[in-house]
Amino acid sequence: MKIAKPIAIASLLFSVSLTAHADTTNKIDAAKNYTEQQVQAFDRKAEREFHKLGKKLDDLKAQSQKQTGDAKAALDKKIAQAQQKIDDLKPKLTELKTATTNAWSDIKSGFEKGLDDVRNALK
């Protein structure tokens, strides 16, 4: 009888430990899934924004063809600067999509800064 009580207590503690571990694992899995969903959603949004800016650049190119003289020269300069920024940003978009979860937030920040640079160049 003296042995049965410690065994029962040990069994109970082991069960509680397993339950706590399972609960922690479920929370970690849920957080990981949520994070992955957030990353995927941002990646889709970034892709859309990148293409939107590319379209805006194409519109400026079409507008430039209708211009002459100094207006055309100024617009062509603006287009060249924006094109360079888009070209610089494209590898970051690819990097963003393939980044590990740990590196993703740093890459995201760099990509967002690049988007802002392109937006400013297209103003």
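The values are calculated or read from the model by the stated rules, or taken from the named source; none is laboratory data. Keep in mind that this is a model prediction, so the values were computed, not measured. Don't worry about glycine lacking a Cβ; one is built from the backbone with ideal geometry, like all the others, and counts go over all protein chains shown. All accessible areas refer to the heavy atoms of the entire protein, side chains included, with ligands and DNA or RNA removed. Shrake-Rupley method; radii C 1.70, N 1.55, O 1.52, S 1.80 Å.
So the values come out like this:
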| quantity | calculated |
| --- | --- |
| Output for segment 58-95, where each listed residue is closer than 16 Å to Arg119 by Cβ, among the basic types (Lys, Arg) and open to solvent by 60 Å² or more (accessible area, probe 1.4 Å) | Lys85, Lys90, Lys92 |
| Some residue of segment 105-120 being on the phi < 0 side of the Ramachandran plot, aliphatic (A, V, I, L, M), open to solvent by less than 30 Å² (accessible area, probe 1.4 Å) and at pLDDT 90 or above | yes |
| Subset tally (residues that are open to solvent by 90 Å² or more (accessible area, probe 1.4 Å) and more than 10 Å from the chain's Cα centre (by Cα)) for segment 38-57 | 5 |
| Condition broken by Gly69, with the remaining ones in (1) over 24 Å from the mean Cα position of the chain (by Cα); (2) closer than 24 Å to Gln37 by Cβ satisfied | (2) |
